[in-house]
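One structure is given below, encoded as structure tokens.
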């Protein structure tokens, strides 16, 4: 089954960030994967958001 496509407003609370953070992230190089539909529509797959969260898991504050 396909992962649902979420708007920026729907994706932001899942990641615990602001809409502005996601907009800046896309502008600066997109650490959070997104899908561009047409010339303006931006969507996020729920599965990509969960994968991004898992990829940011750290064991120590000095680890990056």
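Couple of notes before you dig in:
- Rounded if a/c under 1.5, otherwise prolate or oblate - the range 20-60, Cα gyration tensor axes: oblate
- Relative contact order %, the range 5-55, counting alpha carbon pairs below 8 Å whose residues are six or more apart: 42 percent
- Residue-averaged 222 nm ellipticity for the chain, from DSSP H runs of 4+ at -39500 (n - 2.57), nearest 500: -12500 deg cm²/dmol
- Between 0 and 90 degrees, the angle of helix 19-28 with respect to the longest Cα principal axis of the chain falls at about 90 degrees.
Taken together, the values in this text are just the output of simple stated rules run on the coordinates, not laboratory data. Keep in mind it's a predicted model, so treat the numbers as computed, not measured.
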